[in-house]
Every structure is written in C-alpha cells, then in structure tokens.
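Student: Got a structure here, written out as structure tokens. Questions coming.
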Amino acid sequence: MDLVTILDIAIGGLLMGGIYALLAMGLSLQYGVARVLNIAHGEFIMLGAFATYTLYTAFGINPLLTLAIVGPIIFIIGFLLHRTLFTRLRISSPSPGAFESRSLLATFGILFIIQNLALIGWGANLRAYSYLNFGVNLGGAIFTANRLVSLGFAIGIGLAFYIFLVRTRMGKAIRAAAQDPATASLMGVNINRVLAICFGLGAVMAGFAGTLLSMRVPINPAMGMNYTIIAIIVIVLGGLGSIPGSFIGGFILGIIGTVVTYIEPSLSLAAYYFIFMLLLLVRPKGILGK
Amino acid sequence: MTKKLLFGLITITLVALVAVPLCSSSCVPAPAPAKDSIVIGASRPLSGMNAMIGDAAFGPIMTMWEEEVNAAGGIYVADYGKKLPIEYLIYDDATDVGTMVRLTEKLILEDKVDILFSSCGTAFISAQAPIANKYGYVLLTAEGGATIMRDALYGLPYVFISLPFSDHYQLPVFADMLAAKGAKTAYIVSIADLHGVEYSGVAAIEFARVGIDLIASVSVPETQEDFSIIIKDAKAANPDVFCVFGYPPQVLPCTAESMALGFNPKCFIAGPGANFGFYQFTFIEALGPNCVDGVLCFAAANRATSPEFAELYDDLEAIVSPAMLDWWGHPYYAPLVQIWQEAIEETGTLDQDILRDYIATHHFDTILGDTYFEMSGEGGGGLLVKETHPGEIGQWQNGVVEIVGGGPWSNTVITADFIYPKPPWPTP
Amino acid sequence: MDITALTSRRFLVPGLITLTVLATLPLYGSLYTVILITTILMYIILAVSWVIFSGPTGYMSLASAAFFGVGIYTAAVLMPNTGQLLPLPVVVAIAGLISGLLAVLVGALTLRLRGIYFAIFTFGLVEIIKQVLLYWEFEVTHTRGRFVVLVDNDTVFYIMLGIFVALMLTVYFIRRSKFGLALQSIGENEEAAAHTGINVTMVKVITFGISAIFMGAAGAIMATRWTYIDPYIAFNPLFSFMPVLMAIFGGMGQLYGPVIGAAIFAYLQETLQTTFPYYYMLIFGIVLVVAILYLPNGIVGLIQKLIQRWRKGGSAEQNANT
C-alpha cells in the first residue's frame, strides 16, 4: 500500500465522516438532550437539500450561501415543532420512557407529513446539480473540491457549536439540560425553551448536512431514511448525550466505511454493521459514553 | 358480570367495526351498472423510493393517453355498442412489494377493473406477474424486464414483457460495437441487486465472446455514496471500457467523480441513468450543454428516429420536465397504450381471454413500427421481439442522445455513428 | 394487578366469538376480505410477538424484520415455483424454528445491551443478514430473485389464523405459568428477580426466541402471497418499525392493545392508500400525531376511559332509579 492510497483512504474517510458528524451532532441534540429519537431527522436533511437545490437552480444563489437561508427557516420549523408538539408530550407523559415511545411515534407521523409535502411541492423526481466538481490534489491524492468544502464547513459548524456550548449562557443551559433536565429547571433554566432550541438546532444541523450533501449526491423526497439510520448509529457509537462523542463518532464511522469499501466494496455495508455491532458489544455505552 | 358483558360487547363492536365495512361492499350484491367507462386499475409507487421512476416513466404516458382518448370521446367497444371513455383507478403501493401485491388483488377482486396496468420496477413486476396471471388478467409490463422474468414467462400466459434488457439485446449489441472498435479491456461497477447481478453477469459473458478482458467486476451496496475509491481503482487499472450498471443514485456520483478525477476511459456506459434528460442537466450549469458527450447509455429511439418519436417527445415535454425524458423507456411505454387501444377496438370486447389471444397472435402498428410478441411456447407469456427494437445503445453527442447501436433487423434506426474513443470530459 | 386473571376468563367468550367469526370468514366474506384480513393478522402477529418480549422486558427490539425475513427467505428457498420441496405447514414450522434459533443466539449474545443500544444492535442484525445474503446470492449462487409457488388464498388465511391462535394460546399459557410470573417479575425489577433465584438471562432469551418463532412462521406464509422474493423484499426495515408503532399506537398495557393497534393501523393504511393515494402519507402522519397527542395511552387508554365513563353513567342512572 503506497502513501497515496493511505492518503486516499484517510482523507476519504474524513470527508465521509464530516457529513456523518454533522448529522449525528444534530440528532445528538434531539435525542441526547431533548430525548426525542427523531426518526424524521432525515426529512430535515431532505428539506435542506431541496431548499438549496431550488435556490441554486431557480435563483442562481450559491449553494454555500443558501446555508444562511436554510438555517433560520429550518430552525423555526424545528423550534415550533418542539414548542407545539413535543413540549406537550413531555409534560403529559407520566415517565421519560413513555415520552420516548410517544415521541418516537410522533416523529414517524412528522416523517410522513414532511415527505408527502415535499412530494406535493417538488414532485417525486430525482434532482441533482453539479457544484465545485473538480479535483484538488492533496499530496498526490485527488479529491473533489465540493467534498473538501463540505468537510471544512462541517468542522467549522462543529467548532462554532462547541464554542457556543462552552461560552454562552444558552450553551451552559443546554449542557445542564443534557446532564439532568430536572435539576436544570430547578436552577432557573427555562427547560422547555432550552429543549425547543436544542431541537431546532438539531434540525438546522440536519438541514446544513442536506445542503452540503446536495452538492454531490442526487436528491429525492424519499432520501431521508438512510441518513437517519446513519445518524442513529453514530450517536450510539459516540455515546448517548455526548455531543463531542457524536462528532468524533462520525469521523470514525466515515473512516471505517472508507476502509471497508477499499477492501471489498460489495461487503462494505455488512462489514460496516459488523464492526459497529462488535464495538457495541465491547463498549456497550459507546466510545465516549460514560 | 357487567364487566364481562362490557368487554364482550366492546370486542364484538370492534370486530364488527372492522368486518362490516370490509364486506358491506361485496356481501351485498350490487345491481350491474350500465357500462359507461373503461376502468383501468394500477398500483403505482406514488411515494417511497420508486416514486421517482414511476412518476417520470409510464406515468406521463398514461396521462397523455387518457387525455387523447377521452378528447376523442373514448374507445369504441363493440360489446357495448358505444364509445367508452377511460378512467384510472390508481393506488399508492408506497414502494412496498407486499402492498403492491395486495392492492393488485384488490383492483382485480373488489374493484373488478376492466384492465390492469403495470406496477413499477423489475422486482415489483416479477411479483405482480404471477398474481395477474392467476386471475386471468392481461399484464403488459412497463418499467422492468429481466432474464429471470423471461424464464418465468413459460408459466404465465397472460404476461407480456415490453422493456428490453441485458441479453435482449442490449449487451450483445454493445459487445459487438466494442469489438468492432478494438476495445480490449473492461471494468464493471454494479449495484448489488437483481439488476446489477444480471447486467454484470451477461456483460461478462458477452465481453468474453468478443475477446474483451474483464479487469474487475465490483459490486456496491445500494446505499454507497462515495465512489472516489472505486473510480481511483478503475483509473489505475486503465480499462478501455468502464461500465456502471446501477441506478441514477450510483450513475450520477460515478460520473461526477470520473470528471473530477480526470478518469477518461475510451468508453463510458452508465445505466439506467445516462438515458434520462437529467443526466445532462446535472452538469449543464457547470460545464455547458456538451458536458456528458461521449457517454453511452441504453437507449432505443430519439427525435430523429421517426416523426412519430419526435412528436412523442414533444408531447411528453409539454407535461413533464425535459429532465425526465427517457430514451430507453419511453419508446417502449408509449406502444403499450397503443396495443391496448387497438386490441380493444379490434376485438370489440373487454374480455381478458379474447384480448390476451389477440395480443399474443397479432402484429401491431405502433410508434416502434411493426410490433409483436414472441410467445414462450404453448401456454406461455409474450416477450416483445428484438426485431421490434429501433435501437439498443445510445450515445450523448452534441448535447443529445443519438442512437448509435442496434441489431441487424428491420426496425433499427441508427441516428449517428458511434464515437470511440469518447472525448475527454470538459473542464470548467 | 394480577395479569393472569385479566387475560383468562374475560376474553374467553369474546375470543371464541372472534375466532368463530374469523374461521368462517371465507364462507361469507369476499375474496378480497380474506386477503386483507390475512394481512391484518400478519401485522397483529408481528405486533403481539414483539410485545411478548419487548413489553415485559423493556427491550426495544428492532429485529422483527430479521426474524420475519428469515421466515420469508426460508419459504423462498424451500418452495420455489419450479418445485416445492416440502409441504407448506412443514415449511412454516421450519421457518419458525430457524427464526427462533436465530433469536436465541442473538439474544444470548446481546441481551446485556440496554435501551437504544439494544434497539440499534437488533436493527443492525437486519442489515447484516440482508447484506450477507446479497453477497452470497451475488457471488456464489448468482441468483437474481426467487419465485415462490402460488398458494390458494384461503389456505394462506387459515395458516395465518392458525399461527395467530397458536400465538394467543402461547401468550395465555405463558402468563398463567411460572415462566410468565418470572418474566413479569423481571419486568418489574430485574435485580430483585435475580435475587429470588430466577435465571434472568435464560428467561429473557427464551422469550425472545418464542416471539421470533411466530414472526418467522408468519413470514414463511407471507412469502407465498408475495410470490417473488429477493433480499431487499424479505429484509425490509419497515417490518422492524411497524410492530413497534402498532404496539405503541394500540397501547401496551393490555394484550388486546397491540391486537387492536395493529388491526386499526393496517386497515387505516389500506383505506388511505386506496382512497387518497396522493395524500396518504400526509393524512396518515396527521392521524399519528393527533392520536399521540390525544390518546396518551393508545387505543387501550381510550377504551378504558370510555368504559369508566360508561360505568359512571350507568351507576348514576341506577342511583336515579332507586
């Protein structure tokens, strides 16, 4: 194995992992903090991807600039969804377990609703565009520019979010809520508002992932489920409720995926799950789980 | 005691709630209504993964036919002594085979539709064919075809397969074209499903026949998104011919990655995927209208094939996005409704057995030209004969798909010469 | 509350009536009614089997599609349209046993995982089996899908009904047995149960196996209805999620919860897909969200509330009379 191949696999893994990390951070906020296992997570990815596609092809807006439009819109959708639906469910559920199963069912409903609305709005057709699709040479290994840019944005968003968590009041409130919602609300944190913001931010990260994905992957209204599954796997791998864990878990899974694709592409998905399940058996609480 | 009674009552009520509406429509014999339309039933993927295929492929042909027939007052059916308009009864199978099978039986048993239209996707058609056949409903299949279905036709007299597939006669023609140009080596990427297994398997046989070495045949899971490693491997192997036997979600990223990595094999074939308008539209913004020139696809006809095809594509473009035009499928979906119309008008009936025999034994004059099915022995189903195909292989040239390969038979119309080697990808 | 008493006599009479209504269905029901009820029974079997294990133990299993799929694939291999190798009931039994064995194996390996970790592990199982089968069919047997023999709809219905009855009887006997008591005490407090000398792991693994047997059997009989099987069709993740949703929708507190949940869910889906094909998901989604908001304890909760109200109303009337 020469150096270029090693670079190919290593950087290729990071490129794949960047998107996974973003996806998983979003779900980690929703499941790890807000306790909603959001099966409709992938639908927000789809919404982000379609919004970017439409803004780019119909209005010529640079796909990367669409992040600034996609972000606030999806945040409002996510925030309102939590305020109207999940807050109510949380308050009326007798136990955390009951809330988890009820919100799971509710997110299935949301998945159906969003997908059907997308079908009505955009039609069932597959869509794709090409943006920044040229090779960039990194020490002999060549990668497409759009994937490198995606990675840059994923890391940037991850870092910005980390600073937000550590430095701001809201960030501290979110961390407190992730540790223990009951104590957090005793300490004067408006828990409902914090959880709704978490849910909204989680949806935004999914939307951002969708924007970045749409630059290189064909999109359609039914695309979401695969990404939801990936995101769930990553947060489990990274450790529930651990946002850095999800971030790192995303990169680990990306590298595993790239390595197995290199070795035997037809078994890559099987190997992928096998390694994941093995990891789970060895470390039942995830890599960074406590 | 009251408790028991109560629970008994509730259970009975619930059972009745479910059972009564179920059988009310069928338990009470309704008087036969006067026939005032031809009801055509179809279980189609309106949602889920296959919706993107169904919506663009046979869907618009159905819509166009309905408008055309009903504008003319309907189809004359001698049995009823009048023209009957057509009326669709479409259910959503949500891209689930189990649902599709059940809804097909609902259309047949409960709705008693006059005609059954095809479901969408090879696996779906494979599951629908035995069901339609069991109830004696003629099934002219649309989006799908495979060697396994042809083999199954021997026991399915009511099933007629229209879409060409791997060894019927796409890949034999393709291999001959390559051999004529002196191609020596090939690299195959295929999706790990029925379609990928079939095409990579048949290609291996056909390539061997004409002396092309298969360097590698790689299969990838359907969720594979990152093709850079595979394209890099292919580039290092430097094959004359590069084949992607997958669907658009594999074909488009493979193409994009090949462009970015400067992978320029002498021949690049990708399908299904490169045979749609969106293949070009994906890259047109960045690279201009000739962005995918030289790429080969499976294709039968284009606007230059005949004035009828020019009209078909113009009509289609009026109702669907040009991104959805399909030079492989649409030439074979359009004749399906023509065959139905002629069969009904000529036999003057909606009786499935009579219609079946008529379709099995007659030549039709459709957009393809002389069109007929070859029957698989006594009591078998039909396969649209290769002599009906106007072409097998297309190539993007100057921003349109030209038909560059076809068999040596009467309907074949070659619209341009096969360019080999393909020009390198344009640079932005 | 003693579950044993709840499940026994109260449901005997309505149970027998339901059974009689169902058993004679092909005599008076339309051909399609038989098909639809077969499908509904399939969903009920999946949902109830899921609840047998996941209800008392609290493990959320997403392996249903794996066990169901193993049953489907077993039938596809043993009953190709080119020549049935074994009689149908034998195939159904074999399929159930293979699924059950798989569940015991997986259970022994993974029951130390909890919560979402267990859920995702079991979901991974579905994908792994699918991918390995694909690889096997692709590289070794070169199979491109399998056609299964066509079986008469009434036969399929009666076998499905048979599986359903067997399942209900199993649940009934489990709940009346020592084994059921052990299972129940594990559900209430696992550590305490272990202290009283219950072999906790053994009980859980066996329950997991039993629930898988019925899923596998249902899969085998469904394969003959679908007539064409490939790994994607057999191992559809939908069948991992559906039983969970149906059980939550119906309410898991009572055994009849998942039964009613699955029946209503499946019937609603069918009605929407055929009546509003273009808006089926939208309406279905809204129904789900509204149901979850206003029926916190599922359909069972609604029924119990109605009973209470009715009983109150009844006693008030009695008071007025006297």
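The values are calculated or read from the model by the stated rules, or taken from the named source; none is laboratory data. Everything numeric here is computed off the predicted structure, so don't read it as measured data. Cβ coordinates were reconstructed from backbone atoms using ideal geometry, including for glycine residues, and neighbour counts include every protein chain displayed. Keep in mind that these areas ignore ligands, DNA and RNA; they rest on the heavy atoms of the full protein, side chains included. Shrake-Rupley method; radii C 1.70, N 1.55, O 1.52, S 1.80 Å.
Student: Tell me the residue from B:I344, B:I354, B:I414 that is β-branched (V, I, T), over 21 Å from the mean Cα position of the chain (by Cα) and farther than 30 Å from B:V113 by Cα, please.
Tutor: B:I414
Student: Does region B:97-114 include one or more residues that are of a type in the set (D, E), free of Cβ contacts under 8 Å to residues at least 60 places away in the same chain and under 14 Å from C:Y228 (Cα atoms)?
Tutor: no
Student: Just for helices (runs of 4 or more DSSP H) wholly inside region B:42-111: which have at least 3 residues that are of a type in the set (A, V, I, L, M), more than 14 Å from chain A (Cβ to nearest Cβ) and under 27 Å from C:M222 (Cα atoms)?
Tutor: B:97-105
Student: Would you say B:L163 is surrounded by 24 or more Cβ atoms within 10 Å (Cβ to Cβ) and more than 22 Å from B:G348 (Cα to Cα)?
Tutor: Taking the combined requirement at face value, the residue satisfies it.
Student: Filter region C:249-262 down to residues that are aliphatic (A, V, I, L, M) and surrounded by fewer than 24 Cβ atoms within 10 Å (Cβ to Cβ) and give me whichever is nearest to C:F164 (Cα to Cα).
Tutor: Going through the qualifying residues, I end up with C:L255.
Student: Of the residues C:V90, C:V77, C:V34, which is away from every other protein chain (no Cβ under 14 Å) and either touching a residue at least 40 places away in the same chain (Cβ under 8 Å) or among the aromatic types (F, W, Y) (or both)?
Tutor: The match here is C:V77.
Student: Another question, if that's okay. In region A:104-133, what count of residues is obtained for those that are within 9 Å of chain C (Cβ to nearest Cβ), surrounded by 19 or more Cβ atoms within 10 Å (Cβ to Cβ) and at pLDDT 90 or above?
Tutor: 11
Student: For a quick check of your reading: which helices (runs of 4 or more DSSP H) sit entirely within region C:205-301 and have at least 3 residues that are more than 10 Å from chain A (Cβ to nearest Cβ)?
Tutor: Qualifying helices (runs of 4 or more DSSP H): C:231-234, C:238-250, C:256-275.
Student: Just for region B:112-138: of the residues that are small (G, A, S) and not in a loop (DSSP other than H, G, I, E, B), which one is farthest from the other protein chains (Cβ to nearest Cβ)?
Tutor: B:A132
Student: Next question. Could you say whether any residue in region A:155-178 is touching a residue at least 12 places away in the same chain (Cβ under 8 Å), open to solvent by 30 Å² or more (accessible area, probe 1.4 Å), over 30 Å from B:L46 (Cβ atoms) and over 16 Å from the mean Cα position of the chain (by Cα)?
Tutor: Yes, there is a match, as at least one residue in region A:155-178 is touching a residue at least 12 places away in the same chain (Cβ under 8 Å), open to solvent by 30 Å² or more (accessible area, probe 1.4 Å), over 30 Å from B:L46 (Cβ atoms) and over 16 Å from the mean Cα position of the chain (by Cα).
Student: Among the candidates A:T84, A:T57, A:T52, single out the residue that is crowded, with 18+ Cβ neighbours inside 10 Å, polar (S, T, N, Q) and either assigned to a helix (DSSP H, G or I) or within 19 Å of the chain's Cα centre (by Cα) (or both).
Tutor: The conditions single out A:T52.
Student: Can you name the number of the only condition in (1) touching a residue at least 12 places away in the same chain (Cβ under 8 Å); (2) within 19 Å of A:V217 (Cβ to Cβ) that A:F134 fails?
Tutor: The one condition A:F134 does not meet is (1).
Student: Continuing with this model, one more query. Is it fair to say B:E225 is surrounded by fewer than 23 Cβ atoms within 10 Å (Cβ to Cβ) and either in contact (Cβ under 8 Å) with a residue 24 or more places away in the chain or within 24 Å of B:I61 (Cα to Cα) (or both)?
Tutor: Yes.
Student: Next up: Search region C:107-135 for residues that are facing another protein chain (nearest Cβ under 8 Å) and pair each with any residue that is β-branched (V, I, T) when their beta-carbon atoms are under 7 Å apart and the residues are at least 6 apart or on different chains.
Tutor: Going by the 7 Å Cβ cut-off, the qualifying pairs are C:I116/A:V236; C:Y117/A:V236; C:I120/A:I232; C:I120/A:I233; C:I120/A:V236; C:F121/C:T110; C:L125/C:V106.
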